Amino acid sequence: MVPDPASRPGLPADLRIEIAEEAGNWSDVGVAERIDAVVKALTARVGDAEGTVALALADDAMVRDLNRRFRGKDKPTNVLSFPSGETGGADTHIGDVILAIETLRREADADGKPVGDHFAHLVIHGILHLMGYDHESDDDAECMECLETAILADLGIDDPYAEPAIADSEPR
């Protein structure tokens, strides 16, 4: 079930994403176009407010270091989110989202999905974490995944949580 936008803290209707390409090759991802579409789809689903998200486009080495320092996990991950704790107003810094290009590419390749689609999913996932969504419990995970899936569907992107179709091996 997709949560009612009024029941959760909202993403800014005037959401701004400040993009910093810190490391790695992001040239074929279509970052600017994807971000514009993600912002429109997110704000259509989650309500009103104002603020800025800093999006760092990084590599596995940078994300591994951050993951080790802040989460105690000495390995790269696809996305990290650091909420600022600030609330209210156009000048509010909502938080930081950091993506690792090598991990993003490996996951997209393994799942047979376009890199740009996986990028959009991870940006959405990271921003939802900044808004207070998480996947620590089964109920929370279901809520967050439903919202992600709905936003991605609005963008014409397949459900990333759907089981892959398995072809029948027996002729009919």
Quick note, segment 17-59: a/c under 1.5 would make it rounded; otherwise a/b > b/c is prolate and the rest oblate (a ≥ b ≥ c, C-alpha gyration tensor); here it is oblate
What distance in nm lies between label points placed 7 Å from Cα along the C-beta direction at Ala20 and Cys146? 3.7
Quick one: if you stick a label point 7 Å off each Cα along the C-beta vector at Thr87 and Asp139, how many nm between them? 2.2
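All of the numbers you see were taken from the coordinates with simple rules; none came from a lab. Here the structure is a predicted model, which means the values were calculated and not measured. With ideal geometry, Cβ positions are generated from the backbone for all residues, glycine too; neighbour counts draw on all protein chains shown.
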